[in-house]
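Undergrad: Have a look at this one.
The values are calculated or read from the model by the stated rules, or taken from the named source; none is laboratory data. Owing to the predicted nature of the structure, the values given are computational and were not obtained by experimental measurement. Cβ coordinates were reconstructed from backbone atoms using ideal geometry, including for glycine residues, and neighbour counts include every protein chain displayed. Remember, those area values only see protein heavy atoms, side chains included, never the ligands or the DNA or RNA. Shrake-Rupley method; radii C 1.70, N 1.55, O 1.52, S 1.80 Å.
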Amino acid sequence: MKIFLDTASVAEIQQANEWIKLDGVTTNPTLILKEGKDYKKTLKEICSIVSGPVSAETVSLNAEGMVKEGREFAKIAKNIVVKVTMTPEGMKACRLLTKSGIRVNTTLVFSANQALLAAKAGSYLVSPFIGRLDDIGEKGTELIKEIRQIYDNYSFKSQILAASIRSPEHVKEVAMLGADIATMPFKVYEQLFNHKLTDAGIKKFLDDWGKLQKELKKRQN
Ligand code: E4P
């Protein structure tokens, strides 16, 4: 499974990419608002760090506007993927952008039928939001399971990008269910490295190493 960072923070991307090479990045208007920076300049900077797909989200509600925005985003770098929303107009834009060679990430997907339509419209990436489904009392990871089965049944090429990930448990579950990609906040990515037994093990090894040094010194005297 590929790992994307869900952020518009260049510092977070640089740090994460030093630890394990990131496979891509997803951004959205909320994330860029958090950074308070120019969207296109930030995307350009992100694309200079990450060579995998970098998603840039359109904000128009009609296909014409989405296509116009998408074409502008696509000029930033070769690895830009244009995000359109899961609406009839979004799917129209998806078809038009895909036809002109621009890859599309269909976002705000909350049902298996929406994912089916997104695949039929030619989406390169399809983003089911699992955390937001959990928020309304549903089981978000069930959706990943359903979409995996549908895409496998009909050999759809669209990649399942599990989004709205809130915890390391989510990452493990979507990996086990066969999501192609998981996009996650820096905090969750960082947590993937942790285990209390790793910390305890490091502490024990360091303590014992210290004890050995003391012992050797004692023997020399
Ligand atoms: C990614 O493409 C999505 O925009 C993102 O994962 C949404 O996450 P949220 O539900 O935590 O805002």
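Undergrad: Counting just the residues of region 182-212 that are in contact with a strand residue (DSSP E or B) (Cβ under 9 Å, 6 or more places away or on another chain) and outside any helix (DSSP H, G or I), which one comes out most open to solvent (accessible area, probe 1.4 Å)?
TA: Across region 182-212, the extreme among qualifying residues is PRO185.
Undergrad: State yes or no: is LEU61 more than 18 Å from LEU31 (Cβ to Cβ), out of contact with any strand residue (DSSP E or B) (no Cβ under 7 Å at 6 or more places or on another chain), assigned to a loop (DSSP other than H, G, I, E, B) and aliphatic (A, V, I, L, M)?
TA: Judged against the criteria, LEU61 is a match.
Undergrad: I've got another one for you. Answer with yes or no whether ILE144 is of a type in the set (A, V, I, L, M), within 15 Å of the ligand (Cβ to nearest atom) and part of a loop (DSSP other than H, G, I, E, B).
TA: Working: of a type in the set (A, V, I, L, M): yes; within 15 Å of the ligand (Cβ to nearest atom): yes; part of a loop (DSSP other than H, G, I, E, B): no.
Considered against the rule, which asks whether it is of a type in the set (A, V, I, L, M), within 15 Å of the ligand (Cβ to nearest atom) and part of a loop (DSSP other than H, G, I, E, B), ILE144 comes out as no.
Undergrad: Any residue in region 66-83 that is closer than 15 Å to SER123 by Cβ and open to solvent by less than 40 Å² (accessible area, probe 1.4 Å) sitting within a Cβ distance under 6 Å of a residue that is at pLDDT 95 or above and among the polar types (S, T, N, Q)? List the pairs, counting only those 6 or more apart or interchain.
TA: These pairs meet every condition: MET66/THR58; MET66/SER60; GLY70/THR58; VAL81/SER55; VAL81/ASN105; LYS83/SER55; LYS83/ASN105; LYS83/THR107.
Undergrad: Then there is this: Identify all residues within region 99-127 that are open to solvent by 60 Å² or more (accessible area, probe 1.4 Å) and over 19 Å from the mean Cα position of the chain (by Cα); write none if there are none.
TA: Those that are open to solvent by 60 Å² or more (accessible area, probe 1.4 Å) and over 19 Å from the mean Cα position of the chain (by Cα): LYS99, SER100, GLY101, ASN113, LEU117, LYS120.
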